[in-house]
Structure formats: structure tokens, C-alpha cells
Amino acid sequence: MQRRACVLAIVATGIMASPASAYTAYVSNEKDNTMTVVDTVTMQVVKTVDVGQRPRGITISHDGKFIYLCASDDNMIQIIDTATLQVVGTLPSGDDPELFVLSPDGKTLYVANENDNLVTAIDVDSKEVNTEIPVGVEPEGMAVSPDGKIMVNTSETTSMAHFIDTESHEVTDNVLVDTRPRFAAFKPDGSQIWVSAEVGGTVSVIDNAKRQVVKKIRFAIPGLRAETIQPVGIAISADGKKAYVALGPANHVAVINTESYEVEKYILVGQRVWHLDFTPDQKTLITTNGNSNDITFIDTATDEPIQSVTVGQQPWGVVISPQ
């Protein structure tokens, strides 16, 4: 209660710590079919944009010119011009796109199609499907290695991380993790993949060379039942030293030392925290809080919450402009 009161006091008094550079955050709101545009300096909503049905996964082109947005119930990916905030095209995503990842060269978008048990590889320039790759049941989490050679997909029902060669489009390895894996993230050096298991309540750390789980990280927050701690989104700092894990209905983000694998801190944020993203300068982390309809700004120097901002209904994903 004391920590919660502290967070509320910070928000109520309007204390802000502005990032050094101006970036724009884009938030997908699953319930009201909108995307919220937020100025990360003023921490205020700039605009609300109508998009397709049940928007979830969201990412941005490497040059910052286009947003790619999963309109899951429309079975498409919308392309949004960041200059005009208008939908300017679509990509053929396959059935029920949920999460995706853009290749390091920006040419290929890899999409998880939950209902079809497929990963779809889309050529961004031609807007055509390159291939469809069969994976486990209910694919969701998506990550691509920094060198672009390996793509990892997690399947919720199969409880596996599937390693896919991006040249041959073949599944080369399957690694068993805990129940309902929801997200995957490579360390910046490509040495490890971190996979969250929502029902299992763990994060599995997989050695990329050995394709083996080398560590399982568990969480314990005083006063909360274990079943309420459900890891989902993961963000690893650019220097590879810290990992931040969204813990769902536990309403906290865990801060993990990536060398010791110890949880150093739990940060109280909004209700049902889903996903998170860094500003490019790494000074701020933004979380989406689905049940409180807001996002939380976190100062990464202190790992303290700065401000919460109301967005649309059930914010799900967030991406921040590269410049």
C-alpha cells in the first residue's frame, strides 16, 4: 500500500522527468479500435487515430516513416504514415495476426498467425507473402536475431520456442519452455533468447548456440498470490545488462540483472501490464496497462515510475519512434 500511495502521489502532483530528446509513442488500443499517439516529452496525448478491429501488435519501420499495426479481427496488417497518421496501405498477414517482428534490414515482416498455427513472412516492399511456416499451436511471441539469421516464434499451447532459419524458412530447433509462452526477446549480442511463460509464471533464458534453457527466472512479490504473477512482455536494455518483464495482473514490472538473473526490483505500474518499449536514448521505458486504460513512463536511471497517461480502451502494444 505504501508503494502504491507513492506512485499515486507522483502522478497527482504532476512531477515529470522529460527525456533529453523528443520521441513519439504509438499505442494500440485493443478494445476501442484506435491508436493513441503520445508525445514522450510532454507525456500528453497528441492524437487518437481510428484503425482496424482489435489492434494488437505494433511496430515501426527502421526509418520511422511507417507504423505496422496488426488489425487482428480484420485479418490484416495496416500501414500508417507517421507524418499524416493516415492508413496508406495493408499487408496480407494471414488469419488473426497478433504479434510480429521486422527483420534488421527492414525488408521482411514475420507475423504470428494464431488461428492457423503459422508464421507468415511478408516482403514489405512488394506487399506479398514470401512463405508460410508451420509452427506449434497458437503462435504468438516473435523475435529475430540481431544478425537477421534466426527468427524465434513461441507457441502458447505447444509451450515451445521454435527456431527458424530465415534463409531456408525451416524450423531447425524446438525448445520446451513453461506453459503459455507469450513473448520472446533476443539479447542485443544475440547470445540468448528470453521467453516469458504467462501461466507458468517464469522467464526461460535460452542459449542461442546450444538451443537449451540455461536459466528459469521466477518471481515473488510480497502480498500477491503466485497465480497473479503472469510474465508477458520483455524489453532488454541496449547494453544487455537489464531486462524488464511485464507481469500482467500483478501490475508490476520486474527489473532483472541479466548476468546474475536476480530480480533487483519490482516497479508498480497500472493494471494488467502487457507490453513495454524503450525510447531510443534508453532513458525512458513505457508500459501498456490494459485494465487501467493507461501507459506508465518509467525512468530507467532510477527504475521509478514517473507518470501515467490515459490512452484508449485496453492498451496492448507500444512502439516508439526511432528519432
- request: Mind checking the full-extension length gain between T157 and D105? Use 0.36 nm per residue of separation minus the Cα-Cα distance, one decimal, nm.
  value: 15.6 nm
- prompt: Could you give the length gained on full extension between Y261 and T179, defined as 0.36 nm per residue of separation minus the Cα-Cα distance, in nm?
  reply: 27.5 nm
- prompt: Taking θ as phi - 60°, what are the ³J(HN,Hα) couplings along the stretch 282-292 by the Karplus curve (6.51, -1.76, 1.60), each to the nearest whole Hz, with x for Gly and Pro?
  reply: 6, 7, 9, 10, 10, 10, 9, 10, x, 8, 9
message: Skipping prolines and chain starts, which residues have an amide H placed within reach, meaning under 5 Å, of the one on D294, given they are 5 or more residues away or on another chain?
response: N289, V311
message: Along the Cα→Cβ direction, 7 angstrom out, place labels at D95 and R225. What is the inter-label distance in nm?
response: 3.5
- request: State, to one decimal in nm, how far the label point of A209 lies from the label point of E128, with both points 7 Å from Cα in the Cβ direction.
  value: 4.0
query: How would you rank 252-263, 124-135, 153-164, highest first, on the average number of other Cβ atoms within 10 Å across their residues?
result: 153-164, 252-263, 124-135
query: What does the charge dipole of the stretch 32-179 about its Cα centre add up to, to the nearest 20 debye, if the Cβ of each Lys and Arg holds +1 and the Cβ of each Asp and Glu holds -1?
result: 520
- request: Name the residue, out of G312, G136, G223, whose mean-square fluctuation peaks in a Gaussian network model built on the chain with Cα pairs under 10 Å.
  value: G223
Residue-wise HN-Hα coupling along the stretch 93-99, computed from phi with Karplus coefficients 6.51, -1.76, 1.60 (Hz; x: Gly, Pro): 7, x, 6, 6, x, 10, 10
query: Okay, helix-only estimate at 222 nm for the chain: each DSSP H run of n ≥ 4 adds -39500 (n - 2.57), divide by all residues, round to 500 deg cm²/dmol; what do you get?
result: -1000 deg cm²/dmol
- request: Please give every one of the lysines within straight-line cross-link reach of K47, meaning a C-alpha to C-alpha distance under 23 Å, and leave out same-chain neighbours fewer than 8 residues apart.
  value: K31, K65
- prompt: Cα to Cα, under 20 Å, and not fewer than 8 places away if on the same chain: which lysines meet these conditions relative to K241?
  reply: K187, K215, K216, K265, K283
query: Which residue, chosen from A238, T288, Q314, occupies the Cα position most advanced towards the positive end of the dipole of the stretch 217-323, where the dipole is computed from +1 (Lys, Arg) and -1 (Asp, Glu) charges on Cβ about the Cα centre?
result: Q314
- line: Measure of exposure for Y68: accessible area at 1.4 Å probe, Å² rounded to 10, is 10
- request: Return an integer: the convex hull volume of the alpha-carbon atoms of the stretch 163-278, in Å³ per residue.
  value: 105
statement: the stretch 286-310 and the stretch 213-278 have their Cα centres apart by a whole-number Å value of 14
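Could you give the length gained by full extension between Q323 and N115, i.e. 0.36 nm per residue of separation minus their alpha carbon distance, to one decimal place?
So the chain would gain 71.4 nm between Q323 and N115.
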message: Of the listed values [x] 18.2, 55; [y] 24.0, 102; [z] 23.9, 86, identify the label whose number matches Rg and Dmax of the Cα atoms in Å calculated from this model.
response: [x]
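The values are calculated or read from the model by the stated rules, or taken from the named source; none is laboratory data. Here the structure is a predicted model, which means the values were calculated and not measured. When we count neighbours, we look across all protein chains shown, and the Cβ atoms used for this are built from the backbone with ideal geometry, even at glycine. Ligands, DNA and RNA are excluded from the accessible area calculation, which covers all protein heavy atoms including side chains. Shrake-Rupley method; radii C 1.70, N 1.55, O 1.52, S 1.80 Å.
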